[in-house]
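Participant: I have a structure I would like to understand better, so I am pasting it below and will then ask my questions one at a time.
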Amino acid sequence: MKILLADDHFMVREGMKLMLNKLADEIIIEEAENYFEVIDLIRQATDFNLMLVDKTMPGMSMDNGLSEIIKQAGNVPVIMLSASENPVHMKQALELGAKGYIPKSSDRAIMLNAIQLVLSGGTYLPPEMLLDLPKSDKIESVKHSHKTTSLTDELHLTPRQIEVLDLISKGKSNKGIARVLGITDTTVATHVNTIFKLLKVNNRIEAVNKVRNEVSDL
C-alpha cells in the first residue's frame, strides 16, 4: 500500500506515520509539506492508494489546493486532515471531492476506521457535520428531547446506549467512556457490542453515522 501524507508540521507527520503503519504489513508513505509538493508527487507517481492532506498548508488556499489535488489524483481517494472541527469546513472539503474529513483531535481508532472505510470505497462523514449543532450538543440534545423516544423505538437503543454513542462520537475509548459514566470497561464493551448488533453495523463510525442519519430524519 502506498500513501501520500501531506502536512507542514514534521511532528504531525511522524505521529500519523506511526498510526498508518498499522494499516498493512507493507506500506510506503511519501511525505509533503505544502500543496505544491503534493501536486509534484502526484505527477511523478500514479500508484498511490490514498492521499491524506492537511487543510492549511503553504502554497495555496484550501479550496484551490484541494481542488487541484483531487483533479490530479484521478480515482485515488483524498482525505482532508484538519485541526478545524467547523462543519462548514467539512462540507467544503466533501463538496470539493474529498472522500473524508478527519479532525486531528479524533481518537486514533476513529482515524484508522475512517481511513479503512475510505479505502474500501466509502466516504467518511464526521459526526459534527451531520447535525447543524455545536459538538457538545450533538446526541446530548437528542437525549433530552422527544427524539430519545424515537431512537429507542426505532433503533431499540436504551438511554444508556445513547450516552455511550454520544461519547463514541466524541472519540472516547472504552476506558474513557467508563470513566465518564462511572461504569466498568467490561460493561462499556458489552454496550458497544450490543449497539453494533442492534444497529447492524461493524464498527464505531458506522454506528455513529447510522444514528445521525436516523436523528436527521426525525
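The values are calculated or read from the model by the stated rules, or taken from the named source; none is laboratory data. This is a predicted model, so every value here is computed, not measured. All Cβ positions, glycine included, derive from the backbone under ideal geometry; neighbour counts span all protein chains shown.
Participant: Keeping to the range 77-104, report how many residues are over 10 Å from the mean Cα position of the chain (by Cα), part of a loop (DSSP other than H, G, I, E, B) and surrounded by fewer than 20 Cβ atoms within 10 Å (Cβ to Cβ).
Facilitator: Going through the range 77-104 one residue at a time, the tally reaches 6.
Participant: List the number of the failed condition for THR56; all other conditions in (1) touching a residue at least 24 places away in the same chain (Cβ under 8 Å); (2) over 18 Å from the mean Cα position of the chain (by Cα) hold.
Facilitator: Answer for THR56: the failing condition is (2).
Participant: Something else: When you scan the range 46-65, do you find a residue that is touching a Phe, Trp or Tyr at 6+ places or on another chain (Cβ under 7 Å), on the phi < 0 side of the Ramachandran plot, aliphatic (A, V, I, L, M) and surrounded by 15 or more Cβ atoms within 10 Å (Cβ to Cβ), even just one?
Facilitator: Yes.
Participant: Pairs needed: first member in the range 113-130, within 12 Å of ARG204 (Cα to Cα) and part of a loop (DSSP other than H, G, I, E, B); second member anywhere, at pLDDT 85 or above and not hydroxyl-bearing (Ser, Thr, Tyr); C-beta distance under 9 Å; at least 6 residues apart or different chains.
Facilitator: Close Cβ pairs (under 9 Å, with a partner that is at pLDDT 85 or above and not hydroxyl-bearing (Ser, Thr, Tyr)) amount to PRO126/MET90; PRO126/GLY100; PRO126/ILE102; PRO126/PRO103; PRO126/ALA114.
Participant: Still on this structure, I have one more. Answer yes if at least one residue in the range 69-87 is at pLDDT 90 or above, of a type in the set (S, T, N, Q), out of contact with any strand residue (DSSP E or B) (no Cβ under 9 Å at 6 or more places or on another chain) and at negative phi, and no otherwise.
Facilitator: yes
Participant: Can you tell me which residue within the range 160-186, out of those that are among the hydroxyl-bearing types (Ser, Thr, Tyr) and crowded, with 16+ Cβ neighbours inside 10 Å, is farthest from ASN209 (Cα to Cα)?
Facilitator: So the residue we want is SER173.
Participant: In addition: Considering only the range 18-55, state which residues are among the charged types (D, E, K, R) and in a strand (DSSP E or B).
Facilitator: GLU30, GLU31, ASP54
Participant: Mind listing whichever residues of the range 9-40 are in contact with a Lys or Arg (Cβ under 8 Å, 6 or more places away or on another chain) and closer than 15 Å to LEU112 by Cα?
Facilitator: MET19, ILE27
Participant: Which condition breaks for ASP47 when tested against (1) over 21 Å from LEU96 (Cα atoms); (2) within 22 Å of the chain's Cα centre (by Cα)?
Facilitator: Failed condition: (2).
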